[in-house]
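The values are calculated or read from the model by the stated rules, or taken from the named source; none is laboratory data. If you're wondering where the values come from, they're calculated on a predicted model, not measured in any experiment. No Cβ is skipped: glycine too gets one built from the backbone with ideal geometry, and neighbour counts run over all protein chains shown. Only protein heavy atoms, including side chains, enter the accessible area calculation; ligands, DNA and RNA are left aside. Shrake-Rupley method; radii C 1.70, N 1.55, O 1.52, S 1.80 Å.
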Amino acid sequence: MTGRVSPLPPPGPLRVLALATLANTLGTGLWLAGGALYLTRDIGLSPASVGAGLTVAGLVGLTASVPLGGLADRWDPRTLRAVLQVGQALVAAAYLLVDSFATFLVVAVPEALLVAGNLAVRAALVAAVGGPTGRVHAFATLRAVANLGISAGTALAGFALAVDTHRAYQVLVVGNAATYLLSAALLLRLPTQRAGGAPRRAAGVARRGGPLRDGWFLAVSGASAVLGTHVTVLVLVVPLWTVGRAGAPPPVVSAVLLANTILTVLLAVRLSRGADTAAPAARKLRRAGLVLAAASPLYALTAGLPALPAVALLLVATAVWTVGDLWHGAAGAGLAYDLAPPGAIGAYQGADGLLAGLAQALGRGLLTLLVLGGGGAGWLVLGGLYAAVGLAAPALARRAVASRPAPTGDPVATGQSVTPV
């Protein structure tokens, strides 16, 4: 709707889902800002052990994506997600009991399983609320809202970090747990849903063996996952480059990330338009790869510049990067939804999330080594990779569409919503 300033949608199911997302991501921001310091400064774990534990937990957690996504295809995804968030609240509160690396793992592994599974269930719920023609718009809307929530949570965590006492960190942990419960309560205000409006009998149109045997879907999702490593670049590589190679003062890192957040809130919905079906979504994915490729040398050029021009170029590069980021988010969602059989949306979103998670896990080390170790040449190689993957996306999507089983003729198999919201 033109003229709207608030990222919250008009009253209705999507607004309820947006408010649940806002509550959920408020806790995410609290934990992202303060979790590592709580575990190291208050509990006494070493940074290396925290990093190793989170890596192990994250990889184990990815195994929950497809099974829980498939469960959302058979059960009401609204109720399933609310149940998962209650579980996340209990696990988040269990961090109060952590006193060693062993107990840290006991908490971190189930947390990662719940997080990965919840992402797949959330994707199925977004499909149910948005319907076939509105799910990408809903996805983009929730992304803008999530950025607001994370930013607010990060700001609130600053109070606990400033106090830097055991009690302050405990309040942070309890606050994170409470936001899961609030989000679950809000979700239950939605009417009962079924993923994509598809009854259970429609699962027969899916490939035998599920999404992990759908080769062309995996190829498209793999391409999207490679481009999705732009998130790791922005939150890990760019901050290290900004301070280490561009020579900018540390506060500039906050300015760069804030610029990304503001642009995401302002542009996420607008740049998501036209990605509801596979062909236009694939073209948008190609555009995303080329824009990310164009931004890469801009970051490279900041090395060796005087401070003021370097900061200005960092902000310009981040603005360009954010456009590619937002085009990728909308295109990746559109492809993952449209290439999934209507009766298996949750399972296919789980597979898409599995590949994205693997790419992020591998990308942290590889991208840091490539860019920080390779300097300007590393940025050019990264840009070339993004361009090549983006250019390949339309052809991969065409093959994926051509390989889909023929529709059965009932309204579910043809993508028509049976129980639209």
Q: At most 15 other Cβ atoms within 10 Å plus a DSSP loop assignment makes a site exposed; report the longest stretch of the chain without any exposed trypsin sites (Lys or Arg not before Pro).
A: 5-188
Q: Find the accessible area per residue for the chain; the probe is 1.4 Å, ligands and nucleic acids are left out, and the unit is Å².
A: 42 Å²
Q) Residue farthest toward the positive end of the dipole of the chain, with Cβ of Lys/Arg at +1 and Asp/Glu at -1: which of L186, L37, G149? A) L186
Q: State the label only: which of (1) 30, 26, 23; (2) 36, 22, 20; (3) 32, 28, 20 corresponds to semi-axes √(5λ) of the Cα gyration tensor in Å computed from the shown model?
A: (3)
Q) With the contact rule set at Cα under 8 Å and sequence spacing of 6 or more, what percent relative contact order holds for the chain? A) 26 percent
Q: Would you work out if the range 81-166 is rounded, prolate or oblate? Take a ≥ b ≥ c from the square roots of the eigenvalues of the alpha-carbon gyration tensor; rounded if a/c is under 1.5, else prolate when a/b is larger than b/c, oblate otherwise.
A: oblate
Q) Of the accessible area of the chain, with the probe set at 1.4 angstrom, what percent is carbon plus sulfur? A) 70 percent
**Q.** Packing-based ranking, highest mean first, of 274-281, 125-132 given that Cβ atoms within 10 Å are counted
**A.** 125-132, 274-281
(Q) Quick check: from the Cα gyration tensor, does the range 337-381 come out rounded (a/c under 1.5), prolate or oblate? (A) prolate
Q | Shape category assigned to the range 263-320 from the gyration tensor of Cα positions, a/c cut at 1.5 | A | oblate
